[in-house]
Amino acid sequence: MFQTMLRYKAEKFGHTYQEIGRFFPSSQLCNETLLPIPMLQHGYDSLGVRFVDCPHCNKRHDRDINAAINIKNEGLRLWALGTSASALGGDVRPKSSGRKKSTKTEAVPNELGSLHLPVS
């Protein structure tokens, strides 16, 4: 429901809505090196762990901010490639200028007793 609302709001205001893969390891990768953070990868992935030390870049990362940066970067990467990793498998429709114009065709009644049928 939340994603539906985000998609609707994005389309309404002319923004792009991009989903990333459901299983993208956003909190398990260092946002600087894109390498896995071993502590989070080996089963110690408790939500009580708020800060993690990356052995690759030797920085301490706030878990939520690190994940947010990874999600943003993955979304931008997918958008640049022109693909979508959403579970539904499709991109958001581009904003259109309205409904497509249809050619008007006149309805022709063909029921017995219709007032518009030609009498022979």
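Does the range 98-106 contain any residue that is at pLDDT below 90, touching a Pro at 6+ places or on another chain (Cβ under 7 Å) and either part of a loop (DSSP other than H, G, I, E, B) or farther than 30 Å from Met1 by Cβ (or both)? So that I can check it myself, show each step before the final result.
Residues of the range 98-106 that are at pLDDT below 90, as a first pass: 98-106.
If we keep only those that are touching a Pro at 6+ places or on another chain (Cβ under 7 Å) too, we end up with none.
No, the conditions are met nowhere in the range 98-106.
Leu6: loosely packed, with under 10 Cβ neighbours inside 10 Å and at pLDDT below 95, yes or no?
Details: loosely packed, with under 10 Cβ neighbours inside 10 Å: no; at pLDDT below 95: yes.
No: the conditions fail for Leu6.
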Just checking, does the range 18-27 include any residue being at pLDDT below 95 and outside any loop (DSSP other than H, G, I, E, B)? no
Of the residues in the range 54-70, those that are in a strand (DSSP E or B) and surrounded by 14 or more Cβ atoms within 10 Å (Cβ to Cβ) number 1
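The values are calculated or read from the model by the stated rules, or taken from the named source; none is laboratory data. The shown structure was predicted, so the numbers you read here are calculated from the model rather than taken from an experiment. Positions of Cβ are generated from backbone atoms using ideal geometry, with glycine treated the same way; all protein chains shown enter the neighbour counts.
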